[in-house]
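Input: a single structure, listed below in structure tokens.
The values are calculated or read from the model by the stated rules, or taken from the named source; none is laboratory data. Just so it is clear, the structure is predicted and the values come from calculations on it, not from any experiment. All Cβ positions, glycine included, derive from the backbone under ideal geometry; neighbour counts span all protein chains shown. These area figures cover heavy atoms from the full protein model, side chains too; ligands, DNA and RNA do not enter into them. Shrake-Rupley method; radii C 1.70, N 1.55, O 1.52, S 1.80 Å.
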Amino acid sequence: MALDLRRVLRELAAAAATIPGVTTYAYVPDSITAPAFYTGEVVGRYDQTFGGLAAVTVTCRLLVSLGVDGSGQAELLDLMGTGPGSVKAALEAARGGPGEYALNGAADDLHVPGVQGHRLYTFGPETYVGADWAVEVIGGGDG
């Protein structure tokens, strides 16, 4: 199975869509409705094994309203944790069960090793507070 990056990004967005109230995008959108999750930069490493296994790190970003009372930042900090309502939990739930492929068959496995944030982001004319999750995805050797 080859690693289909478009499908990987769609499945990551679908996994994040399980978080109540979050709008998700499987691409970098030109405008957003906050809170918004989108798949961003992809860093790939080919030929991780002699069979051609590929590994990619996808930056997944979540932006929330800056607000004047700090409520957006409080919401973001909750989502940055490791509890059942967190981004980490939503993404890792898409790993599948033992012996199953991750992301509904789009990858062999995935792992969410960390988050970076919270900080300000300018997106279009607006300023948001947000965080980035590194999602490591492996899959698809030819052999």
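Laid out as a table, the results:
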{"read-out": "The chain: relative contact order in percent, alpha carbon pairs under 8 Å with at least 6 residues between", "value": "28"}
{"read-out": "Folded to 0 to 90 degrees: helix 71-80 orientation relative to the chain principal axis, Cα", "value": "20"}
{"read-out": "Loop chymotrypsin sites (Phe, Trp or Tyr not before Pro), the stretch 1-92, which have at most 14 other Cβ atoms in a 10 Å radius of their Cβ (DSSP)", "value": "Tyr27, Tyr46, Phe50"}
{"read-out": "Contact order relative to length of the stretch 89-143, as percent, for alpha carbon pairs under 8 angstrom and 6 or more apart", "value": "31"}
{"read-out": "C-alpha long axis of helix 5-16 to longest principal axis of the chain, angle in °", "value": "50"}
{"read-out": "Å² per residue, accessible surface of the chain at 1.4 Å", "value": "52"}
{"read-out": "Percent accessible area from carbon and sulfur atoms, the stretch 17-118, protein chains only, probe 1.4 Å", "value": "54"}
